[in-house]
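Step one of this worksheet: look at the structure below.
Where a number appears in this text, it was derived from the coordinates with a stated rule and is not lab data. Being a predicted model, the structure only gives us computed values, none of them experimental. Note that we place each Cβ from the backbone using ideal geometry, even for glycine, and neighbour counts take in every protein chain shown.
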Amino acid sequence: MKYLIANWKSYITDRKEANSLFLGVKKTIQKNSGCKVIICPPYPFLSDASESNLTIGAQDVFWEKNGAYTGEVTLDMLKNLNVEYVILGHSERRAYLGETDDIINKKLKAALKAGFKVVLCVGEKQRKEPNVIPSVVADQVKAAFLDIPKSKVCNVVVAYEPIWAIGTGLSDTPDNAYQAALYIKKTIGKIYNPKIGTNIKFLYGGSVNSKNILDFISHHGIDGVLVGSASTKKEEFAKMIKLVG
Ligand code: PGA
């Protein structure tokens with residue numbers, strides 16, 4: 001089953017609007033159950049999402065369970081809200097919040113240990129050659145998986161999101177995304193073993209919308225998409241769910 005993951009980022013600021021979107025998604029997936037839809041709203045709306053019985057993800061998490069960490073949202077808090085997934089390593093957190101590969105590794109370890117499934121984002125700022133995936137992508141993967149036990153890798157979905165494609169309307173091509181999938185699978189295969197590399201789920205993200213979603217989703221090497229702004233538009237996201245499911 002293909003993944004359709006909605007990363008609302010900080011676009012939605014109003015609770016009523018959030019609830020109306022939850023309801024819309026809920027109705028649409030009732031009739032289209034052929035894909036796995038995961039909604040990742042901002043933290044203040046997680047509790048409403050949880051009551052809507054949707055599969056939910058958080059857009060980040062702190063690495064501790066609880067304690068004196070002013071402003072942080074911890075693993076225990078998310079557990080209590082029935083959050084199943086956490087997005088880690090998103091390029092916007094790397095860029096604006098100073099998240100380093102070390103921090104992402106720390107969060108990945110903690111989230112997996114606490115039983116969450118993780119959507120791990122990687123991606124380059126730019127390419128030297130248009131169709132060659134830069135080695136920084138492999139570096140990010142290696143750093144993230146440092147000391148992650150083999151048994152936990154199946155709980156990670158890797159989302160390849162070239163930064164230049166995020167929010168720009170300039171999506172990558174499905175063929176390049178597939179090259180990234182092979183590259184990432186090979187990198188993970190070298191860290192663990194080829195079977196683990198082959199089996200890891202791979203998503204593409206970056207300007208996915210109802211016009212191009214099928215190009216990515218129908219590719220045999222792509223297990224789904226991570227969608228930002230298009231997932232916050234009710235009709236548009238419903239259209240996407242229908243196309244996939
Ligand atoms: P976009 O964002 O779909 O708005 O390009 C994708 C993402 O950053 O996850």
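Applying the selection to the stretch 207-223, what residues are under 25 Å from L146 (Cα atoms) and either among the aliphatic types (A, V, I, L, M) or within 14 Å of the ligand (Cβ to nearest atom) (or both)?
Of everything in the stretch 207-223, just one residue is under 25 Å from L146 (Cα atoms) and either among the aliphatic types (A, V, I, L, M) or within 14 Å of the ligand (Cβ to nearest atom) (or both), namely I222.
Would a scan of the stretch 159-179 turn up a residue that is more than 16 Å from the ligand (Cβ to nearest atom), within 20 Å of I222 (Cβ to Cβ) and of a type in the set (S, T, Y)?
Checking the stretch 159-179: at least one residue is more than 16 Å from the ligand (Cβ to nearest atom), within 20 Å of I222 (Cβ to Cβ) and of a type in the set (S, T, Y).
Are there any pairs with C-beta distances below 6 angstrom linking a residue in the stretch 194-215 that is farther than 19 Å from E92 by Cβ to a residue that is in a loop (DSSP other than H, G, I, E, B) and within 12 Å of the ligand (Cβ to nearest atom), with the two at least 6 apart or on different chains, and if so which?
Note: pairs meeting the criteria are N212/S171.
Take E72 and tell me if it is surrounded by fewer than 20 Cβ atoms within 10 Å (Cβ to Cβ) and free of Cβ contacts under 8 Å to residues at least 40 places away in the same chain.
yes
Residue under question is Y204, and the condition is that it be within 30 Å of E235 (Cβ to Cβ) and either within 15 Å of the ligand (Cβ to nearest atom) or crowded, with 23+ Cβ neighbours inside 10 Å (or both); does it hold?
Values: within 30 Å of E235 (Cβ to Cβ): yes; either within 15 Å of the ligand (Cβ to nearest atom) or crowded, with 23+ Cβ neighbours inside 10 Å (or both): yes.
Criteria met by Y204.
Please go through the stretch 89-129 and pick out each residue that is crowded, with 18+ Cβ neighbours inside 10 Å, more than 17 Å from P162 (Cβ to Cβ) and among the small types (G, A, S).
Of everything in the stretch 89-129, those that are crowded, with 18+ Cβ neighbours inside 10 Å, more than 17 Å from P162 (Cβ to Cβ) and among the small types (G, A, S) turn out to be A110, A111.
For the stretch 226-245, which residues satisfy the criterion of being out of contact with any Leu (no Cβ under 6 Å at 6 or more places or on another chain) and either within 10 Å of the ligand (Cβ to nearest atom) or part of a loop (DSSP other than H, G, I, E, B) (or both)?
Matches in the stretch 226-245: V227, G228, S229, A230, S231, T232, K233, G245.
Consider L120 carefully, then state whether it is within 16 Å of the ligand (Cβ to nearest atom) and either out of contact with any strand residue (DSSP E or B) (no Cβ under 9 Å at 6 or more places or on another chain) or free of Cβ contacts under 8 Å to residues at least 60 places away in the same chain (or both).
For L120, the condition - within 16 Å of the ligand (Cβ to nearest atom) and either out of contact with any strand residue (DSSP E or B) (no Cβ under 9 Å at 6 or more places or on another chain) or free of Cβ contacts under 8 Å to residues at least 60 places away in the same chain (or both) - is met.
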